[in-house]
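Just below is one structure, and these are the notes that go with it.
The values are calculated or read from the model by the stated rules, or taken from the named source; none is laboratory data. Remember, predicted model here, so these are calculated numbers, not experimental data. Ideal geometry is used to build each Cβ from the backbone, glycine not excepted, and the neighbour counts take in all protein chains shown.
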């Protein structure tokens, strides 16, 4: 395994943070787990806009730029870097551009937790989640429900325990299943 960037994404409640933590802790090389929520919740001290709202676009572009810069800086330093957050195909271009410029490989994995009802139940059942609004959760789930050419990057995170999901991701990474081209 060489230094690269893995975007581990999916709707809220899909298991991103748990699986990212497992992957990073069990990596065969130095690894970094970047939790994108920190770039919103911890770093933005005033002027925060909920990222799923239309008026959050400029904020989301700025946060994406910070995430890309951090991820590729770690990877350039020799770390396998896992970006854990809601990164839909609509925000992949900055990552692809950084991959092209740096020559650092980029993988994209979408965790999808079964159906929308299961997903809503998972999110609403987590006390640490600030998001409880079922229509918003359903919309975020829907954004990852039909990925066209990226559908092969989906792992069903509802089929087993997080360790099994992490192993499915590792196996796919070994096979190159989740590699994104620079285009």
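Suppose the filter is closer than 29 Å to residue 49 by Cα, modelled with pLDDT under 90 and out of contact with any strand residue (DSSP E or B) (no Cβ under 9 Å at 6 or more places or on another chain); does residue 160 pass it? In short, no.
Summed over the range 65-81, residues that are surrounded by fewer than 16 Cβ atoms within 10 Å (Cβ to Cβ) and in a loop (DSSP other than H, G, I, E, B) total 2. Within the range 132-146, the residues that satisfy the criterion of being part of a loop (DSSP other than H, G, I, E, B) and more than 18 Å from the chain's Cα centre (by Cα) are 132, 133.
Here residue 149 fulfils each of the conditions (1) surrounded by fewer than 18 Cβ atoms within 10 Å (Cβ to Cβ); (2) outside any loop (DSSP other than H, G, I, E, B); (3) in contact (Cβ under 8 Å) with a residue 24 or more places away in the chain apart from (3). Of all residues in the range 1-17, those satisfying the criterion of being more than 21 Å from residue 102 (Cα to Cα) and either in contact with a strand residue (DSSP E or B) (Cβ under 9 Å, 6 or more places away or on another chain) or modelled with pLDDT of 95 or more (or both) are 9, 10, 11, 14, 15, 16, 17.
For the range 1-35, the candidate set comprises residues that are in a helix (DSSP H, G or I) and out of contact with any helix residue (DSSP H, G or I) (no Cβ under 6 Å at 6 or more places or on another chain); within that set, the residue that is surrounded by the fewest Cβ atoms within 10 Å (Cβ to Cβ) is 25. Residue 155 meets the conditions (1) within 30 Å of residue 58 (Cβ to Cβ); (2) surrounded by 15 or more Cβ atoms within 10 Å (Cβ to Cβ); (3) touching a helix residue (DSSP H, G or I) at 6+ places or on another chain (Cβ under 9 Å); (4) at pLDDT 90 or above in every case but one. The failed one is (1). Of the set (1) out of contact with any strand residue (DSSP E or B) (no Cβ under 6 Å at 6 or more places or on another chain); (2) at pLDDT 95 or above, all apply to residue 106 but (1).
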